[in-house]
Amino acid sequence: MKIGQFIKEVETTKDTVRHYEALHLLQPAWENTHRIYGQKEVEDFLVIKEMQSFGLSLTDIQSLFQLKRQNGCGNPTLIEGVMTKLEEMREKLEEEEKRIQRKKHQLTETMQAIHLLAGDKNANL
């Protein structure tokens, strides 16, 4: 399929596709002067989006795609690389969760203090 059909199928923009091509994340075939996108490019695009949803940067994704190209999909090095990146993201999310819980606790305490200052008998939130 040509780029117009591809961007409709994956629901993106031409600029995004070109950017991913420049980063060597998408590598369509060429037919004369036209890029031709197949199921592999659709799957690669969806993997990129899924990895981004986990918080991985395009630089991280580039590294993983490079490992995939060098070693193949089921290679232990690739799997280890993916697991390492996901573990790093999980740790960052856990830290962020702790930070949010601390802020929530501080907010609750502040709200209770305000209620007490206002003479509210229902200050236990």
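A few remarks follow.
- Rounded to 0.05, the FRET efficiency of the Gln27 and Arg90 pair, given R0 = 30 Å and the Cβ-Cβ distance, is 0.50.
- Volume per residue of the C-alpha convex hull in segment 1-49, rounded to whole Å³: 68
- When the convex hull of its Cα atoms is projected in every direction, mean area for the chain (nm²): 11.7
- In segment 10-107, GluC sites (Glu not before Pro) in a DSSP loop with at most 15 other beta-carbon atoms within 10 Å: Glu11
- Under 16 Å of direct C-alpha separation, and excluding same-chain neighbours fewer than eight residues apart, Lys104 reaches no lysines at all.
- Using the 1.4 Å probe convention, the accessible area of the chain works out to 72 Å² per residue with neighbouring protein chains retained.
- In this rough spin-label picture, where each label sits 7 Å from Cα along the Cβ direction, the Glu9-Ala118 distance is 5.7 nm.
- Selection from Met1, Leu25, His115, by position along the positive dipole direction of the chain (Cβ): His115
- Computed from Cα positions, the angle between helix 76-117 and the longest principal axis of the chain comes to roughly 20 degrees.
- Crossing angle, helix 39-53 versus the chain [Cα axis fit, 0-90 degrees, rounded to tens]: 20
- Across the cross-link table entries Lys14/Lys40; Lys49/Lys85; Lys8/Lys40; Lys8/Lys49; Lys14/Lys92; Lys14/Lys49, which are compared at the Cα atoms, the separations over 26 Å belong to Lys14/Lys92.
The values are calculated or read from the model by the stated rules, or taken from the named source; none is laboratory data. The structure presented is a predicted model; accordingly, all values stated were derived computationally and were not measured. We place every Cβ from the backbone using ideal geometry, glycine too, and count neighbours over all the protein chains shown. The protein model used for the area step is the full one, side chains on, heavy atoms only, and it has no ligands, DNA or RNA in it. Shrake-Rupley method; radii C 1.70, N 1.55, O 1.52, S 1.80 Å.
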